[in-house]
Amino acid sequence: MALLTETPPESPPETFYQKTERTVPVISHLFLIGWALVTTLPLVWAVLSSFKSDNEILTDPWSLPSELRWNNWARAWGEAHIGRYFLNSAIVVTGALAITMLFGAMAAYVLARYRFRGNRIVYFAFTGGMMFPVFLALVPLFFVVRNLGLLGTLPGLTLVYAAYSLPFTVFFLTAFFRTLPTSVAEAAMVDGCGHFRLFFSVMLPMARPGLVGVAIFNFLFQWNQYVLPIVLMQGEGAERKWVLAQGLTALAVNEGYRGDFSGLFAGMTIAMLPVLAAYLLFHRQFQSGLAAGQLH
Amino acid sequence: MWGKRLFIAVFLIPPLLLYGIFVVSPYAQAFQISGTDWSGLSPAYEFVGLDNFRRLLGDGYFWTALKHNGLLLVLLPVATIVAGLFFASMISVGGRADRAGVHGVRGSGFYRVVYFFPQVLSVAIIGVLWKEMYAPHTGMINGFLRGIGLDGLAVAWLGDPRFSFWCVLAVLIWMNVGFYVVLFGAAMQSIPRDLYEAALLDGASRVTTLVRITVPLLWDTIQVAWVYLAIVAIDGFAIVQIITNGGPGSSSDVVGLRLYKTAFGDGQFGYASAIGVAMFFLTLTVAVMFLRATRRERVEL
């Protein structure tokens with residue numbers, strides 16, 4: 001990498017530039033393409049393997065599938081219940097995201113724009129939750145959910161996801177509501193607009209950019225949860241309520257015994273393609289949403 | 001006035017209830033349960049004071065797991081941040097240099113999009129995928145090694161206690177580097193190009209500009225990155241549980257997995273909560289140490 005230190009002192013600036021112009025970008029691209037391959041090859045490999053026969057997978061991991069075997073996908077979706085897990089994940093995340101955004105926006109709005117006794121205490125109670133590792137709560141949470149009769153149920157998991165998304169959501173949206181101008185709200189109040197209408201028809205639409213960013217962050221946080229579902233979705237009959245992350249790892253364990261490798265790769269591909277596709281469509285929003293989430 | 005109070009109450013009480021039941025109360029109870037010998041089966045339990053913590057001190061499995069978290073805590077941030085800065089620099093200033101300054105490489109948008117892929121995949125998918133990647137006969141890694149004639153290196157990666165931990169570390173680095181390339185890349189946009197141009201004209205190498213210009217000017221961002229990678233390192237549960245389940249033996253065990261197995265495998269809920277409390281104080285200590293260590297003057301432009 002010490003390409004430029006070797007430049008002889010008597011060489012004029014023109015050649016110096018010409019030299020770097022040729023070599024540096026080439027070396028940069030070599031490294032960058034190298035890492036791009038390291039990132040994408042495993043994913044491509046999983047997709048290709050989902051079309052192979054088990055025999056092809058066993059004989060040569062690097063071979064290409066001889067034909068597109070969609071029945072691997074059908075088997076993963078149906079027999080291995082990936083379809084059901086997918087649906088469960090979608091139900092839980094849709095519900096949890098709705099609750100998170102509504103409750104988060106409500107609390108953040110009040111904390112940002114209204115003065116009342118205890119405002120700071122409530123704010124720190126919410127945001128303080130970001131400091132604790134979720135593992136600390138795991139054991140008591142299991143019993144709280146069990147005592148409410150919500151263990152192994154989709155509504156139980158939905159409420160837990162929403163509750164654990166609140167600290168960051170409240171933190172982020174409180175800061176966002178503070179940045180919105182007060183003049184619009186004052187004008188609306190003068191016109192006789194009530195507190196509730198002001199929130200739903202004036203402030204929420206104004207806060208849309210912030211809401212979208214935090215919603216994407218929460219979507220990924222909830223869709224990718226692993227430890228909460230494996231702790232909370234146990235017990236009798238809970239397999240029917242499993243979410244994708246959990247179902248997929250169970251599939252990986254079971255398929256290992258049964259030797260249905262192609263089914264496993266198909267399940268993996270089904271699980272990863274929708275999020276990857278959504279990301280490719282909205283990659284700017286994904287990246288800024290996640291960066292905002294990490295940089296609070 | 002009542003309208004406003006009613007409004008505040010209606011807007012605050014439902015979120016507070018949800019948060020109080022599922023977040024605040026479990027955290028509070030964790031400290032209480034850690035002082036008991038509760039096994040979860042019966043409501044009966046006894047307070048044993050600090051016995052659980054005393055037991056923790058003599059628990060070899062816990063120390064092994066803690067040692068692995070400690071290693072992750074040092075190696076994961078260092079490797080990820082160095083790789084992230086390296087690739088981000090190549091994207092932002094790795095292109096040609098001319099009179100207009102230093103350019104980024106062509107296709108920088110492409111790299112940013114592709115590098116981010118692992119970030120949007122769930123840990124479960126990444127775990128299962130890499131478990132298959134490392135598989136001795138059907139895995140892509142050994143397939144590659146055999147393909148280039150290195151059959152001797154095609155070992156049972158996850159079945160060998162010498163390699164299992166490093167395999168897990170590699171996956172954690174793989175899944176995190178892309179995000180920090182994007183993050184550092186975005187932060188580097190605010191560094192004026194002519195700084196690099198001037199340094200290169202003075203005969204500095206690209207590596208020197210990275211160490212002397214980029215790192216000091218991105219110091220705040222690097223600190224944040226370190227904090228988040230430290231959180232990943234203290235956790236590490238999902239990837240370890242899926243890929244190796246802590247094994248073989250306890251060669252890749254981490255504290256989170258210890259807690260999970262102690263609670264939901266052995267039913268020792270009191271002891272598991274004590275592990276959770278220990279983890280909490282570990283996190284706190286690391287945070288305080290980090291804040292002490294990185295207090296350093298900011299470079300202002």
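At a glance:
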item	result
Contact order normalised by residue count of chain B, Cα under 8 Å, 6+ apart, percent	28
Backbone HN-Hα couplings from phi across region B:7-21 [Karplus 6.51/-1.76/1.60, Hz, Gly and Pro as x]	4, 4, 5, 4, 7, 9, 5, x, x, 5, 4, 4, 5, x, 5
Kirkwood hydrodynamic radius over Cα pairs of region B:54-134, then Stokes diffusion coefficient at 37 °C and 0.692 mPa s, in µm²/s	200
Net charge over other residues, Cβ less than 14 angstrom from the Cβ of B:Met175 (K, R count +1; D, E count -1)	0
Built amide H within the under 5 Å cut-off of B:Gly40, gap 5+	B:Phe269
Length-normalised contact order of chain A in % [C-alpha pairs under 8 Å, at least 6 apart]	29
B:Met175, A:Met272 arranged by Cβ crowding within 10 Å, fewest neighbours leading	B:Met175, A:Met272
Helix B:164-188 axis, angle to chain B major axis (alpha carbon atoms, nearest 10°)	50
Label-point separation in nm, B:Phe47 to B:Ala156, each point 7 Å along Cα→Cβ	5.0
Backbone HN-Hα couplings from phi across region B:119-135 [Karplus 6.51/-1.76/1.60, Hz, Gly and Pro as x]	5, 8, 8, 6, 4, 5, 5, 4, x, 5, 4, 6, 4, 6, 4, 7, 3
Cα pair distances in region A:155-224, grouped into 5 Å bins until the bin that holds the longest one, percent each	3, 15, 21, 19, 15, 13, 8, 5, 1, 0
For residues of A:243-251, the mean tally of beta carbons on other chains within 10 Å	4
Likely footprinting exposure, A:Ser28, B:Ser42, fewest C-beta neighbours within 10 Å first	B:Ser42, A:Ser28
10 Å Cβ neighbours from other chains, averaged over peptide B:107-117	5
Cβ-placed point charges (K, R +1; D, E -1), dipole of the protein assembly as shown about Cα centre in debye, nearest 20	1460
Net charge over other residues, Cβ less than 13 angstrom from the Cβ of B:Val286 (K, R count +1; D, E count -1)	0
In degrees, nearest ten, helix B:60-93 long axis to first principal axis of chain B (Cα)	20
Residues A:Trp242, A:Trp73 arranged by fewest to most Cβ contacts within 10 Å	A:Trp73, A:Trp242
Global form of region B:241-282, assessed from the alpha-carbon gyration tensor, a/c cut-off 1.5	oblate
Kirkwood Rh (inverse of mean 1/r, distinct Cα pairs), region A:73-294, angstrom	19.3
Helix B:219-235 axis, angle to chain B major axis (alpha carbon atoms, nearest 10°)	40
Nonlocal amide H pairs with B:Val102, under 5 Å, H built at 1.01 Å	B:Glu197
Alpha-carbon centroids, region B:193-262 and region B:54-125: separation in whole Å	5
Three-way shape label, the protein assembly as shown, alpha-carbon gyration tensor, a/c 1.5	oblate
Counted charge near B:Gly139, where neighbours are those whose Cβ lies closer than 10 Å (Asp, Glu -1; Lys, Arg +1)	0
Under 5 Å, built H, 5+ apart or other chain: amide partners of A:Ser53	A:Ser66
Gyration tensor (alpha-carbon) shape descriptor, chain B, a/c threshold 1.5	oblate
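Read-outs throughout are calculated quantities, based only on the coordinates presented, and are distinct from any laboratory measurement. Predicted, not measured: the structure shown is a model, and the values here were computed from it. Positions of Cβ are backbone-derived with ideal geometry, glycine not excepted, and every protein chain shown enters the neighbour counts.
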